[in-house]
Amino acid sequence: MKRFWSKLIFREAPAQGVFFALTLWGAGLYLLGSLLFAGWVCGWIGGGNEWPPIQRGCDLRNLWIPLAASLVLPLYFLWMTVRFCRSRRLGLMFGQILVAPPMWVLLLPVVNVLGGPFPALRNGWNSGIFFLLLPLLLLFCGRNWKWAAAALVSWGFGLLMCIVASNGMMTWGALDPGQQWLAEQTRFLGVAGWAVWGGVALLLLLAGYLFSAKLIAVSGEVRFRSLFGKPVLACWGVAAIVYLAFTVMAFSADREADRRLQALEKQFGRPLTPEALEKFYYRDGQGDAAFWTGMEQRNLKEAIPESEIPPTQAVFSPGQLAQIRGKFEKSRNRQEEWEKAFSGPIPHLDLNFRRGQLFFLEFPNLWLIRKFDRLELWRIRFALADGDFGTSLAAYERIGSVNRALCGEPFLIGGLVWVGCENLRLDALELLLESDRLSDEQLRRFSQELSETEERIPQVRERAMYGEAVGLLDAIHLWNSGQWQMLTVFPFSTEGRRLASRKSFFLFFPQLRWWNGLDKAEAFGQYATPPQMDSKAGSHAPRPLSSFSAPMGSILRRFTEMTARVRAMRVLIAAELYQRKHGEYPETMADLPLDPFSGKPLLYRKGAFRMAVAEKPPAPEDWKHRPPTVPVSAVQVWSVGQNGKDDNGLNIRFESDDIRAIRRISP
């Protein structure tokens, strides 16, 4: 035990001991930081995409070993420094020359981890203001002041350049003009300026480390080479092994990401590039900016905001219907202008498919078409109430026409809006069924159209997923190239907020490259194979790129709900044709299509059901509000929804999720 203790404190070689303690501190922090980062990336510690993990959602019990080690290492260095100074009778002030610069640098990552809840501590440490006081210590260095000054300058400027480089990589705010100018001026041989800053910073820190070694050697009157014994070389060896291990892991993660990207391109049958997406969207045509600008101007003059358009399928009192009709009468002329504009071919939107711009695209056509459908739905209801069946049928045909224009939308948001608009068309069809004015031929034609709609659903979904995958790849390019423009804080800001290229730091920190590869592979994997509808994000691993992609499980559910309702509506039309032939609705129906959620036949019944009563929207704080319902006599076909529970056709938030097609017998 005494022999081990003697070796631990370097009793016979205090100069070698203090230099070993310095090396152990640096290598130990690198090892601990790498392990901590790996645990965070794998989701074992931390809670979300924020680094350091102690800032939010982290259980400190998972970190007590690295935190304790990060405190033991500097204490060991301090103790060895005090022993060295006492053995050489150098004095306390000289010991501060050895301790202060490396301590300031090596405690920087610890302070940034622990300083999350204490921004004043972190900002004060990062500012390096105390380096202004350190030159006063040179007065106590005697004849070794040159080596002390060299160490002080190298450590100090290395630290400051590390802070500048890390700010360029990690900050979420706009870079200071000075930082941006310095980064642009230091481009060298095609390498990004931030990489030059990082490389020079590491070289300066290495110089400070070697100058500190020289200062220890001349003060301890030992050979410089003797400081680099087996213990020091072992520390460097461990650090090298960690670096190489993460480099191998990074290459492996990159290969997996490339494999999944190739699988995606094979699945979609075209490259995942903005150019390919543009060609896929426009085919041989082009966008019409003037058409959609005119439609937006008409929308601004519209008397009824979309938020004030109530759902048509609810039960309204006569007074409520009179108020709604009054609002629509005021905007009748404007609605007729919309109907005339949408009566012909509907052109594509004029979009900018340049690399780096996909995330910032806006789609006013989607919201205009959705609002148009909702207005037309009320035109159908009022026309049926007035006995004007021709007007209602024409409005239904217009809804179908504009909805077909949405089938070519290139992104997921377009596919989801198409699903919503098709649901509005099905609402309109239910109103037409209840009017008893549709002929048998019209019913069969509508049933055939619904069959075509069902065939179109997987095509629209695949198209939307392709566009979303291209957008994700473009976001990855922004993230890694330093062109990221504050998507999470200012998602549509026109001010360029250029960050440092992540790729610039991959050479120095293969841990970042490994994390980036894992993130890309997981993001691509969401599109490579159809996800399960009940998939949940159970992993707490930080994946910022994956978080920008839409949750595929929820998206698949929306399209599957659409399939269920289309099938239910076809059954409802078949029941209507049966009633016209036999005088009553069937008690049961054979050969019902399958429920896409349960895999069993859809449910059919006639009798009493419940429907929601129209009322004012609930307050935002009352997010669990349950709308009142009233009984109605109806024929209903429904799916049990994702939860697999039969809720008798009701779809109430947080309670039930059935998907139904209903025909009120006595509306």
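Taking the protein heavy atoms of the stretch 237-289 in the context of the full set of protein chains, the accessible area attributed to carbon and sulfur is 57 percent at 1.4 Å.
Sorting the segments 576-587, 560-571 by their mean number of nearby beta carbons within 10 angstrom, highest to lowest, gives 560-571, 576-587.
Computed extension length for E275-D436: 52.9 nm, one decimal, from 0.36 nm per residue of separation with the Cα-Cα distance subtracted. For the pair K146 and N333 in one chain, pulling the backbone fully straight at 0.36 nm per residue adds 58.6 nm over the alpha carbon distance.
Taking each residue as 0.36 nm, the span from R580 to H477 lengthens on full extension beyond its C-alpha to C-alpha distance by 31.0 nm.
The modelled label-to-label distance between L75 and V248, using points 7 Å beyond Cα along the C-beta direction, is 3.6 nm.
Protection proxy ranking, highest mean first, for peptides 27-38, 515-526: 515-526, 27-38, where packing is the per-residue count of other beta-carbon atoms within 10 Å, averaged. With the alpha-carbon atoms of the stretch 315-400 aligned to their principal axes, the span from lowest to highest coordinate is 54, 26, 22 Å, starting with the largest.
Evaluate E = 1/(1 + (r/R0)^6) for S343 and Q323, where r is the Cβ-Cβ distance and R0 equals 30 Å; express this FRET efficiency to the nearest 0.05.
Once the sixth-power term is evaluated, E becomes 0.55.
Report note on the peptides 260-273, 372-385: ranked by the mean count of other C-beta atoms within 10 Å, highest first, their order is 372-385, 260-273.
Shape analysis of the stretch 222-308 places it in the prolate category; the axes a ≥ b ≥ c from the Cα gyration tensor give an a/c of at least 1.5, with a/b above b/c.
Using a cut-off of 19 Å between Cα atoms, the listed pairs K581/K606; K279/K371; K279/K340; K340/K371; K279/K520 include K279/K371; K279/K340; K279/K520 as exceeding that distance.
The values are calculated or read from the model by the stated rules, or taken from the named source; none is laboratory data. If you're wondering where the values come from, they're calculated on a predicted model, not measured in any experiment. Virtual Cβ from ideal backbone geometry, glycine too; neighbours counted across all protein chains shown. Surface accessibility is based on the protein's heavy atoms, side chains included, excluding ligands, DNA and RNA. Shrake-Rupley method; radii C 1.70, N 1.55, O 1.52, S 1.80 Å.
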